[in-house]
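Enquirer: Handing you this structure, nothing more for now.
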Amino acid sequence: MTMQDSHSLAPGRHSARTTTPGPVDQGADVQPYVTADGRRIGGVLMDLRNITLRFGGVEAIKNISFDIREGEIRAIIGPNGAGKSSMLNVISGFYVPQEGEVWFKGFRRGPMRPYQVARLGIARTFQNIALFDGMTVLDNIMTGRLTMMKSNMLQQALWWGTAEREEIAHREKVEKIIDFLEIQNIRKTPVGRLPYGLKKRVELARALAAEPGLLLLDEPMAGMNVEEKEDMSRFILDVNDEFGTTIALIEHDMGVVMDLSDRVVVMDYGRKIGDGTPDEVRNNQAVIDAYLGVAHD
Amino acid sequence: MFYREAGDFKTTYSDDSQTFPLQLDRMGYYAVLAVAFLVVPFVIDDYWATSVMVPFLIYAIATLGLNILTGYAGQVSLGTGGFMAVGAYATYKLTTSFPDISILIHIVLAGFITALVGMLFGLPSLRIKGFYLAVATLAAQFFLVWLFNKVPWFYNYSASGQITMPERTVLGQLVTGPSVSAPAKYLVCLVFAVALAWLARNLTRGMLGRQWMAIRDMDIAAEIIGVNPLKAKLTAFGVSSFLIGIAGALFFAVYLGAAEVGEAFGINKSFLVLFMVIIGGLGSIFGSFAGAAFLVLLPVFLKNVLVGGMGWPTDLAAHVELMIVGALIVFFLIVEPHGLAQLWRLTKEKLRLWPFPH
Ligand SMILES: Nc1ncnc2c1ncn2[C@@H]1O[C@H](COP(=O)(O)OP(=O)(O)OP(=O)(O)O)[C@@H](O)[C@H]1O
Ligand SMILES: [Mg+2]
């Protein structure tokens, strides 16, 4: 999925999403602002400061800092192996960086297990779909509600009081997401039997079921056809628009990135080589070089 | 009347998540329960109780227990025999120490004790998986049998090294010991089996069950949606061992009456219960009963047909049994990992659409 073709850096097709440039330099001015299409971008939600991540001798992330602001769609782009997925893994607690700080909602986050990060309201999807194949679509999405379930084991064993009431209440929420993503007809299908495009959608549904404050999407459109990509873009925009969910996404399709995102981080060989609005990034010489494959020093 | 869902509409989500979504299924289930409670106790004789119904119900509980761990939570265990032994020895120690307290309470307590032991031996599952976990539970199996053999306190220093169940009553009825009646034995096991199956069903359809299955299907993704792997795995070991412990308690107290640990709860038990899970169907409550019924009935059936009917020698019939079981295990592992339960489901799917399959 490399983005070698240069025309993909051409201006986005739907310029409606092009944003009024806000203050992009982190740490500087973080006044809330309203985008051209009327979405409110708030203060800094997640702040990554000087993150360095090593695997043995390999530095997958080299001293990277950037922030994600409330309500925005933040894209992370870069060639294969640039360290994008590693960055998401740092945010979601899979990897603990050797250096640097992760700030969330104004607090510095200590080293956390992924399930603890989930409880902070951070949900994600994976580059290689990670669904529960043996379970139905409905059960997969219901698992997304886990962090909100309160009934204890005894209540569940007796299926009594809170357990049943809770199950029904959460089922209602999940049905809304099922309607939203237009997957009513596969509710009871075991996930293992679904085609690729639908699996990606179910994975998004599961992440949405958690009602996350921050949603991380690792290549949500990889391997999809044009139509599926359009559907997925629409869903992402709607999630951001209707629920005000902050989204960080990795994507190779430059057209999609330029359309969807408010701000873009560009990575290459573990370094950050660009950060700004889609327009700024598109005109950034380092970014153009990276995508055109200019030799590295 | 046709078996199908047309006209069987669900108007609430609680209806939709019922154990038996189709009304006909539900009625069939209640009919089985009614026969089991209201008819069988009056007709059951000693032969049927000892060779069929009591072992079937006890193995069904053990299979349900192992199925929760292996079928639902995806953690392999070869320690079933050892955990059954814990249930048996706990019951023995409890009832000989506190003879005035109801044996039913002791059996449930034995379940809780086994749950604790199971969680202890489940701790390695946080680090190791698959084959290595199987070996670790195998070690638990051998360790537990060794322990109950070696430490005389467990068998109250009896000369034979065996444990022998004293006579105990429930509501004035004798339920343990050599002279217990067939209906009493059967009913005690039936009550436990039905109650535990109901608990297991509730746990597996709720959030805990989803966490177990999530860990089974993809532990990384499970963690990312908020499943604490430690908690999910240990609860699976705990609930599983609770059931297996009660099965062991009943096996000793109601079925055998006296037991020598290596013989009653050896590695063979672990494999037998595992085979019941595989043949019945991984991750299915119904399958646990089907698998137990199948492997309890098969030897009885072969003995009656081959030895009794056709005059084969007993050892030949036993070999035939081994071959059949072996072939079935291979078949189910390769062709149908969801076992008899899945075959049953497929039959029902066909019936649902019958007579217009397209
Ligand atoms: N668990 C790991 N162990 C060792 N090296 C790793 C690990 N995960 C990632 N890497 C290395 O870190 C670098 C960045 O990988 P990463 O998956 O983050 O790239 P990416 O930008 O997501 O690429 P792609 O576009 O192909 O998904 C690569 O060189 C990769 O080999
Ligand atoms: Mg990646």
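The values are calculated or read from the model by the stated rules, or taken from the named source; none is laboratory data. Keep in mind that this is a model prediction, so the values were computed, not measured. Note: ideal-geometry Cβ built from the backbone for every residue, glycine included; neighbour counts use all protein chains shown. Just so you know, the surface numbers come from the protein's heavy atoms only, side chains and all, with ligands and any DNA or RNA stripped out. Shrake-Rupley method; radii C 1.70, N 1.55, O 1.52, S 1.80 Å.
Enquirer: Compute the angle between helix A:226-243 and the longest alpha-carbon principal axis of chain A, please, reported from 0 to 90 degrees and rounded to the nearest 10.
Expert: The helix A:226-243 is inclined about 80 degrees to chain A.
Enquirer: Residue farthest toward the positive end of the dipole of region A:135-209, with Cβ of Lys/Arg at +1 and Asp/Glu at -1: which of A:GLY192, A:LEU158, A:VAL174?
Expert: Selected residue: A:GLY192.
Enquirer: Amide H of A:THR246: which non-local residues (sequence gap of 5 or more, or other chain) have their own amide H closer than 5 Å, using H built in the peptide plane?
Expert: The answer is A:GLY71, A:LEU215.
Enquirer: With a bin width of 10 angstrom, please list the P(r) values of region B:207-273 as percents of all Cα-Cα pairs, from the 0 bin to the one holding the largest distance.
Expert: Bins of 10 Å from zero give 19, 35, 22, 19, 5 percent of pairs.
Enquirer: Let me ask something else. Would you mind getting the accessible area per residue of region A:135-209, heavy atoms of the protein chains only, 1.4 Å probe, in Å²?
Expert: Per residue, region A:135-209 has an accessible area of 42 Å².
Enquirer: Using the Kirkwood radius built from alpha carbon pairs, what does the Stokes-Einstein equation give as D for chain A at 4 °C and 1.567 mPa s, in µm² per second?
Expert: The calculation lands on 65 µm²/s.
Enquirer: What is the ratio of the Cα radius of gyration of region B:45-353 to 2.2 N^0.38 Å, with N the residue count, to two decimals? Write down the numbers at each step before the final one.
Expert: Values: Rg = 19.3 Å, N = 309, 2.2 N^0.38 = 19.4 Å.
That works out to 0.99 for region B:45-353.
Enquirer: Using a 1.4 Å probe and ignoring any ligands, DNA or RNA, find the accessible area of B:ILE278 and quote it in Å² to the nearest 10.
Expert: 20
Enquirer: For a quick check of your reading of the filter: which trypsin sites (Lys or Arg not before Pro) in region B:98-196 sit in a DSSP loop and have no more than 12 other Cβ atoms within 10 Å?
Expert: Answer in residue order: B:ARG127.
Enquirer: Right, something else. With equal scatterers on the alpha carbons only and no solvent term, can you work out the Debye log10 of I(q)/I(0) for the protein assembly as shown at 0.05, 0.09 1/Å?
Expert: -0.31, -0.83
Enquirer: Can you tell me the 0 to 90 degree angle between the C-alpha axis of helix A:162-180 and the longest principal axis of chain A, rounded to 10?
Expert: The helix A:162-180 is inclined about 40 degrees to chain A.
Enquirer: Between A:GLY274 and residues 5 or more places away or on another chain, which pairs have amide H atoms under 5 Å apart, with H built 1.01 Å from N, and which residues are they?
Expert: Here the answer is A:VAL266, since their amide H atoms fall under 5 Å of that of A:GLY274.
Enquirer: Here is a further query. So, counting K/R as plus one and D/E as minus one, what does the shell of residues with Cβ under 15 Å around A:GLN156 add up to?
Expert: Around A:GLN156, the surrounding residues sum to +4.
Enquirer: Starting from the residue with the highest accessible area, list A:LYS150, A:LYS199, A:LYS173 in decreasing order, probe 1.4 Å.
Expert: Values: A:LYS150 165, A:LYS199 40, A:LYS173 90 Å².
The residues order as A:LYS150, A:LYS173, A:LYS199, largest area first.
Enquirer: Per residue of region A:48-65, in order, report the coupling 6.51 cos²θ - 1.76 cosθ + 1.60 (Karplus, θ = phi - 60°) as ³J(HN,Hα) in whole Hz, putting x for Gly and Pro.
Expert: Ordered by residue, 3J(HN,Hα) equals 9, 10, 6, 6, 10, 10, 10, 10, x, x, 7, 8, 7, 10, 10, 6, 9, 10 Hz.
Enquirer: Moving to a separate point now. Based only on the alpha carbon positions, what is the Kirkwood hydrodynamic radius of region B:238-358, in angstrom?
Expert: Evaluated over region B:238-358, this radius sits at 16.4 Å.
Enquirer: Excluding residues fewer than 8 places away in the same chain, name every one of the lysines whose C-alpha is closer than 24 Å to that of A:LYS84.
Expert: By straight Cα distance, A:LYS84 reaches A:LYS62, A:LYS105, A:LYS199, A:LYS200, A:LYS229, A:LYS272.
Enquirer: Further question: Radius of gyration and Dmax for region A:135-209's Cα atoms, expressed in Å?
Expert: Expressed in Å, the Cα Rg and Dmax of region A:135-209 come to 13.0, 39.
Enquirer: With every protein chain kept in the model, how would you rank A:ARG187, A:ARG109, A:ARG263 by accessible area, 1.4 Å probe, largest at the top? The partial results should precede the final answer.
Expert: On the way: A:ARG187 65, A:ARG109 30, A:ARG263 5 Å².
Final ranking, largest accessible area leading: A:ARG187, A:ARG109, A:ARG263.
Enquirer: Helix-derived [θ] at 222 nm for chain B: sum -39500 (n - 2.57) over DSSP H runs of at least 4, divide by residue count, nearest 500?
Expert: Value at 222 nm, helices only: -20500 deg cm²/dmol.
Enquirer: What does DSSP give for the protein assembly as shown in terms of the percent of beta bridges that are antiparallel, rounded to the nearest 5?
Expert: Numbers: 28 of 44 bridges.
So the antiparallel bridges amount to about 65 percent of the total.
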